[in-house]
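Asks: Mind looking over this structure? Questions follow.
Laboratory data are not the source of any read-out in this text; all were calculated from the coordinates shown. Because the structure is predicted, anything quoted here is derived from the model rather than measured.
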Amino acid sequence: MRYVILFVAIAGFLIWDGLYNGGRYMDMAVKSADHLLRMVTG
């Protein structure tokens, strides 16, 4: 049951971000992950 709640919370955040912020937070998260990956892999 807690996985369902977690999935719904993440899906709700992504929908909210996409509709009301133009995906700003998701874009920031992807850029941060990309930067971190580049630092780790060299």
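Asks: What number, rounded to the nearest 500 deg cm²/dmol, is the helix-based mean residue ellipticity at 222 nm of the chain, given -39500 (n - 2.57) per DSSP H run of at least four residues and division by all its residues?
Replies: One gets -30000 deg cm²/dmol as the mean residue ellipticity at 222 nm.
Asks: List the residues whose amide H sits under 5 Å from the amide H of Gly23, counting only those 5 or more places along or on another chain, with H placed 1.01 Å from N in the peptide plane.
Replies: Counting only residues 5 or more places away or on other chains, the set is Gly18.
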